[in-house]
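K.L.:
One structure is given below, represented as structure tokens, and several questions about it will come after.
The values are calculated or read from the model by the stated rules, or taken from the named source; none is laboratory data. All of these numbers come straight from a predicted model, not from anything done at the bench. Positions of Cβ are backbone-derived with ideal geometry, glycine not excepted, and every protein chain shown enters the neighbour counts. Calculation scope for accessible area: heavy atoms of the full protein, side chains included, ligands and nucleic acids excluded. Shrake-Rupley method; radii C 1.70, N 1.55, O 1.52, S 1.80 Å.
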Amino acid sequence: MTDKTQNAMWGGRFAAGPDAIMEAINASISFDKRLYAQDIEGSRAHAAMLASTGIITDKDAETIREGLLTVLSEIERGEFPFSAALEDIHMNIEARLKDIIGEPAGRLHTARSRNDQVALDFRMWVRGQADAAIEGLKALIRALLVQAEAGADWVMPGFTHLQTAQPVTWGHHMMAYVEMFGRDIGRFEDARRRMNECPLGAAALAGTSFPIDRDMTAQALGFDRPSANSLDAVADRDFALEYLSAATICAMHLSRMAEELVIWSSAQFRFVTLSDRFSTGSSIMPQKKNPDAAELIRAKIGRILGATVGLFTVMKGLPLAYSKDMQEDKEQVFDAADSLMLALAAMSGMVSDLTANREALSLAAASGFSTATDLADWLVRELGLPFRDAHHVTGTLVAMAEKKGCDLPDLSLDEMKSAHSGITDAVFDVLGVENSVASRRSYGGTAPENVRAQIARWKEKLS
Ligand code: ARG
């Protein structure tokens, strides 16, 4: 007989219950309750397998499977009595199952351990998050494609060092992000493929002497196969690390894009107008419309990278197989996943809602001597100058225009000729930004026809 203060699961070996501080450091229920659906799904599959292999009776398995559905609905209705004394989600559910169905509940844990159970639950949860991230990224790409299509031929300045470099198109700039987010999808897909092996049946660490059918549970739970080594199965958290790594890169992309939206929405740039729905005002400055959502997206990488570094630090140096350290795998992953999904949703909303200011983009595109490279290329193409000489001639003309306080197309033909006598009227054709972008037809270049071809390719890919 065990008294009330002792643990119902292992009270047999213990003479006293835990210290309150022991309970506080040990319990994970406050956060791992998030795994309830995966825990119940895994237990239902395990019970069905135990019956099909004759390890428990069909009747017991049915009672267990039904009882677990009752537990599920209690949790979903918010009526489940979570208890820190029962440590974690696994023991909370099993104890409640016992209250509901009695003796057969004690048979569920045959040929299983909390070690393979938690590895399974968490893996399924992370797998779901990889799927959710892929969906969130697809939604964001769709929003970017709409923007890209609307402004496939709108000119804007392209920057290097945040200094005007060459004109590009708005569509091309949007499509640059489509490529980045497309690679993010690839990373989540890769991680998902590798993580899709079922640890259930590894038991505590060594496997089990019961004649279990691991293929059956793996299949029932949507895995490609059971994991091949029981030690690895319970000790591995690569799946979470790979998810976090993909999430970190994705968050970095979101952060860069968010930064551009912050800059572009400023009064100095006015490249875009963010919708009221994704902006805030100031309590003191009535004129302000702040890009808070963009700023917060820019910052989310901090938590996500923090979680990645955190979990690597927990896992490094751990001997095989399970150690309680690994309970520290969950909270940061939960937080990183929530942050990522919120950032993706906010970015999709902002992109869908934002208005690109065609005129401001075009005005900025033409300033800052953005077609100087076109002029140098013209000197090479039409006058046969070596590119280095053409660069020098063009530099002289830029300096001349700068001194006069005008742009390159505002120089007279005579002024042009003073830098190189061979220059003719035809040079003015290449100094216009529209011609500049239209001429960049090399594969991957900014010409509107290229942009439209890339949009079509991505639409096809997503359909
Ligand atoms: N709450 C534990 C965790 O999250 C479950 C596994 C506990 N296993 C054990 N042998 N104590 O890691």
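K.L.:
Can you name the condition, by its number, that residue 406 falls short on among (1) touching a helix residue (DSSP H, G or I) at 6+ places or on another chain (Cβ under 8 Å); (2) farther than 30 Å from residue 183 by Cα; (3) open to solvent by less than 30 Å² (accessible area, probe 1.4 Å); (4) not in a helix (DSSP H, G or I)?
P.N.:
(1)
K.L.:
Just give me the residues in the stretch 87-109 being within 16 Å of the ligand (Cβ to nearest atom), open to solvent by less than 40 Å² (accessible area, probe 1.4 Å) and not in a helix (DSSP H, G or I), in sequence order.
P.N.:
Within the stretch 87-109, 87, 88, 108 meet the criteria.
K.L.:
Could you count how many residues in the stretch 143-174 are aliphatic (A, V, I, L, M) and over 16 Å from residue 436 (Cβ atoms)?
P.N.:
Number of matching residues: 8.
K.L.:
Taking the conditions exactly as written (part of a helix (DSSP H, G or I), of a type in the set (Asp, Glu) and touching an Asp or Glu at 6+ places or on another chain (Cβ under 9 Å)), does residue 434 satisfy them or not?
P.N.:
yes
K.L.:
Quick one: which residue in 41, 79, 62 is over 16 Å from residue 210 (Cβ atoms), surrounded by fewer than 21 Cβ atoms within 10 Å (Cβ to Cβ), within 32 Å of the chain's Cα centre (by Cα) and charged (D, E, K, R)?
P.N.:
41
K.L.:
What's the number of the only condition in (1) assigned to a helix (DSSP H, G or I); (2) open to solvent by less than 30 Å² (accessible area, probe 1.4 Å) that residue 112 fails to meet?
P.N.:
That leaves (1) as the condition not met.
K.L.:
Here's another thing I want to ask about it. Considering (1) farther than 18 Å from residue 105 by Cα; (2) at pLDDT below 95; (3) within 16 Å of the ligand (Cβ to nearest atom), say which one residue 8 fails and leave the rest.
P.N.:
Only one criterion in (1) farther than 18 Å from residue 105 by Cα; (2) at pLDDT below 95; (3) within 16 Å of the ligand (Cβ to nearest atom) is unmet by residue 8, namely (1).
K.L.:
Can you find a residue in the stretch 173-183 that is more than 28 Å from residue 359 (Cβ to Cβ) and open to solvent by 60 Å² or more (accessible area, probe 1.4 Å)?
P.N.:
Yes, the stretch 173-183 contains a residue that is more than 28 Å from residue 359 (Cβ to Cβ) and open to solvent by 60 Å² or more (accessible area, probe 1.4 Å).
Yes/no per residue for (1) closer than 30 Å to residue 130 by Cα; (2) surrounded by 14 or more Cβ atoms within 10 Å (Cβ to Cβ); (3) touching a helix residue (DSSP H, G or I) at 6+ places or on another chain (Cβ under 8 Å); (4) of a type in the set (Gly, Ala, Ser):
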residue	(1), (2), (3), (4)
251	yes, yes, yes, yes
255	yes, yes, yes, yes
259	yes, yes, yes, no
263	no, yes, no, no
277	yes, no, yes, no
282	no, no, no, yes
286	no, no, no, no
293	yes, yes, yes, yes
300	yes, yes, yes, no
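K.L.:
Now for a different question. Within the stretch 265-275, track down each residue that is open to solvent by 20 Å² or more (accessible area, probe 1.4 Å) and either closer than 30 Å to residue 309 by Cα or within 25 Å of the chain's Cα centre (by Cα) (or both).
P.N.:
The answer is 265, 275.
K.L.:
Return yes or no: is residue 442 farther than 19 Å from residue 368 by Cα and surrounded by 12 or more Cβ atoms within 10 Å (Cβ to Cβ)?
P.N.:
no
K.L.:
Do we find that residue 148 is modelled with pLDDT of 95 or more and within 30 Å of residue 48 (Cβ to Cβ) in this structure?
P.N.:
no
K.L.:
Hey, any hits in the stretch 303-313 for a residue that's farther than 25 Å from residue 188 by Cα, away from the ligand (no atom under 16 Å from the Cβ) and open to solvent by 30 Å² or more (accessible area, probe 1.4 Å)?
P.N.:
No, the stretch 303-313 contains no residue that is farther than 25 Å from residue 188 by Cα, away from the ligand (no atom under 16 Å from the Cβ) and open to solvent by 30 Å² or more (accessible area, probe 1.4 Å).
K.L.:
Within the stretch 315-324, track down each residue that is over 15 Å from residue 32 (Cβ atoms) and either without any contact (Cβ under 8 Å) to a residue 40 or more places away in the chain or within 11 Å of the ligand (Cβ to nearest atom) (or both).
P.N.:
316, 317, 319, 321, 323
K.L.:
Go through 84, 48 for me and flag whichever is within 16 Å of the ligand (Cβ to nearest atom) and over 31 Å from the mean Cα position of the chain (by Cα).
P.N.:
Within the list 84, 48, the selection yields 84.
K.L.:
How about the stretch 110-130: which of its residues are more than 16 Å from the ligand (Cβ to nearest atom) and among the hydroxyl-bearing types (Ser, Thr, Tyr)?
P.N.:
110
K.L.:
Ok, one more. Could you name every one of the helices (runs of 4 or more DSSP H) located completely within the stretch 126-238 that has at least 3 residues being under 13 Å from the mean Cα position of the chain (by Cα)?
P.N.:
170-195
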